[in-house]
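Asker: Please find one structure pasted underneath; my questions will follow.
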Amino acid sequence: MLGLTPFDCALRAPLRTNGTLSQSQLYAIAIGSNRPHGRYGRPPQVVEAAIARLDQDFGLFDSSPILLNPAHGAAGRDFANAMALVESSLEPPSMLSRLKQIEREFGRRRGRRWGPRVLDLDVVLWSGGDWRSHGLTVPHPQLERRGFVLQPLVSVSPCWRVCGALNVRHLAHRLARKRPRG
Ligand code: ADP
Ligand code: MG
């Protein structure tokens, strides 16, 4: 049972010790892949395997359909993207470390930003509010500009408030108005 819902964005996480919290929080994790994996197969199957892995490690609260998106930046190949909601009592830096460990286990090597990657796992939102520490900002700084993140997020959590009165659905509508094709 969750201590907080996505709609309680004004609430703050309780006191922290050693990277863990006294209460479970909800995390929205963006999943992306644009390179095949030797065992799992093509990007949509990689994303599917990553969702299963997040379920195994954290317990999945919900996940979006897997969407296909055209390549962006220097990435070259098309992406498969999805959003997973997971529960955890890890605080955000510990959660990001675990996600980076999963990326490595899926064969990701650090390289060019935006370059091709077997698996990308980003912390998009968490129910503890805003977080800023070395190498980690939550909400994810690119959230409002990334249709490939907002689109799957809308399907699992349209009413999650991101900043002030604006929720995920508002951000998606705003981006769609700016860039009608995507
Ligand atoms: P991107 O995910 O933007 O395509 P990377 O996966 O290479 O690019 O991430 C680059 C760095 O961004 C990470 O090493 C991480 O330290 C930092 N970062 C800052 N905020 C976040 C966040 N909310 N989720 C994931 N990474 C983040
Ligand atoms: Mg990333």
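Asker: Hey, got the dipole for the range 20-142? About the Cα centre, +1 on K and R Cβ, -1 on D and E Cβ, debye to the nearest 20? List each step's numbers first, then the result.
Answerer: Numbers: 15 positive and 12 negative charges, 159 e Å.
For this selection, approximately 760 debye.
Asker: Right, something else. Using a simple charge model, +1 on the beta-carbon of Lys and Arg, -1 on the beta-carbon of Asp and Glu, nothing else, what dipole does the range 100-170 show about its Cα centre, in debye to the nearest 20?
Answerer: On the way: 13 positive and 6 negative charges, 70 e Å.
About 340 debye.
Asker: Same structure, new question: Is any residue of the range 76-102 close enough, with backbone N under 16 Å, to a label point placed 7 angstrom from the Cα of N18 along the Cα-Cβ axis, and if so, which?
Answerer: 89-91, 94-95
Asker: Go through 153-166, 30-43 and give me the packing order, highest mean Cβ count within 10 Å leading. Before the final figure, lay out each step's value.
Answerer: Numbers: 153-166: 16.6, 30-43: 19.4.
Per-residue mean Cβ counts within 10 Å order the peptides as 30-43, 153-166.
Asker: Tell me, what is a quarter of the convex hull surface for the C-alpha atoms of the range 49-182, in nm² with one decimal? Could you put the intermediate results ahead of the total?
Answerer: Details: hull surface 32.7 nm².
The orientation-averaged projected area of the Cα hull of the range 49-182 comes to 8.2 nm².
Asker: Moving on to the next point. Note down the nm distance, to one decimal, between modelled labels 7 Å out along Cα→Cβ at E105 and at Q56.
Answerer: Each label point is offset 7 Å from its Cα along the Cβ direction, giving 0.6 nm.
Values in this text are rule-based calculations from the coordinates and carry no lab data. Predicted, not measured: the structure shown is a model, and the values here were computed from it. No Cβ is skipped: glycine too gets one built from the backbone with ideal geometry, and neighbour counts run over all protein chains shown.
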